[in-house]
Amino acid sequence: MKFTQRTRGIVQAIAVVLSLALPTVIAASYADARIGGGSSSGSRGTRTYSAPPSTTTAPGTAQPFNRTMTQPGQSAPAATGRGLFDRPGMGMLGGLAAGFLGAGLLGMLFGGGLFSGLGSFASILGLILQIGLIILVVRLAMSWWQRRNAPAYASSGAGAAPAPGPQANYRSAMGFGLGSSAPPLEIKPEDYEAFERLLGEIQTAWSNEDVSRLERLATPEMVSYFARDLADNKARNAVNKVSGVKLLQGDLAEAWREGDADYATVALRFALVDKTFDRNNGQTIAGSDQPTEATEVWTFVRHRGGNWELSAIQQTN
């Protein structure tokens, strides 16, 4: 097959574009080689599907989770285009109301129904009375249905955004479970110190690919994601090294208690040197020796009598 001069020119142009774009694409993929993988992973208990309140450190919103093992809690049924009487929980009452309406319409069309034998005018009057009866039945049914489901919705923490409340400064040790009926949880100075220490220790364990160390610093769910991401880096012959981690600013978004577990969600802005190397020859693939900044929302969990562990990492918008 012979290429014309025009075709050859197009092929050369495509080759030039690919040569320019491919390194950028590769660099972008390795830019997410650090811990968290540029995604939002983990769980926040019953608040997994609720966005944490914004703070001074992270004034935007935290991204929803891309990876989580927590199943969504019970929520209000979404509109699905059902008919007037086809509602979950209506059951016999909905069928009864629909039956009344059908009887009224047939009575008007064929001279029968609940008021058959009274003539056409009486049939129309009967239909009006039936419609009034239907409205009454529907209201009673919907009221009954809402009362029956009210306790379930009230007890569901997932999917319900916490009510706005006062924000606590990262260093003020005044964290409370905002918008929750759970007992207030006070975050003390030693807790903030633990969060800052975990930020550095987890980054170090990640850089050393020390999964056993990560198991002592994070929940089993988070460790499973870290192990998977480290395996992906190895498959690409890449190794990510993070150093010089320094907390620049932090704010407590919310803190609450669930059973014997304490949760604290904290917005963190920190500096770090983030570099990715070729595992075989040690050449730098992405990053540099210049410090960069990152802002993420981390959630920590502590079971009664235990230490704080990393439970979730969320990227910020």
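The values are calculated or read from the model by the stated rules, or taken from the named source; none is laboratory data. These numbers were taken from a predicted model, which means no experiment stands behind them. Neighbour counts are summed over all protein chains in view; Cβ atoms, including those assigned to glycine, are modelled from backbone coordinates with ideal geometry. What goes into the accessible areas is simple: the full protein's heavy atoms, side chains included, and nothing from ligands, DNA or RNA. Shrake-Rupley method; radii C 1.70, N 1.55, O 1.52, S 1.80 Å.
General observations
- Taking packing as the residue-averaged number of other Cβ atoms within 10 angstrom, the listed peptides 34-44, 200-210 run from highest to lowest as 34-44, 200-210.
- Farthest toward positive dipole pole in region 198-284 [+1 Lys/Arg, -1 Asp/Glu at C-beta], among Ala267, Leu252, Gly200: Gly200
- Cα gyration tensor shape for region 202-317, rounded if a/c is under 1.5, else prolate or oblate: oblate
- Inter-site label distance for Glu190 and Ala231 at 7 Å from Cα along Cβ, in nm: 3.9 nm
- Nonlocal amide H pairs with Gly73, under 5 Å, H built at 1.01 Å: Ala158
- Reach of Lys241 by Cα under 14 Å, taken over aspartates and glutamates that are not fewer than 8 positions away in the same chain: Asp32, Glu201, Glu209, Asp210, Asp229, Asp274, Asp278, Asp289
- Measuring only protein heavy atoms, the 1.4 Å probe finds Glu215 accessible over about 110 Å².
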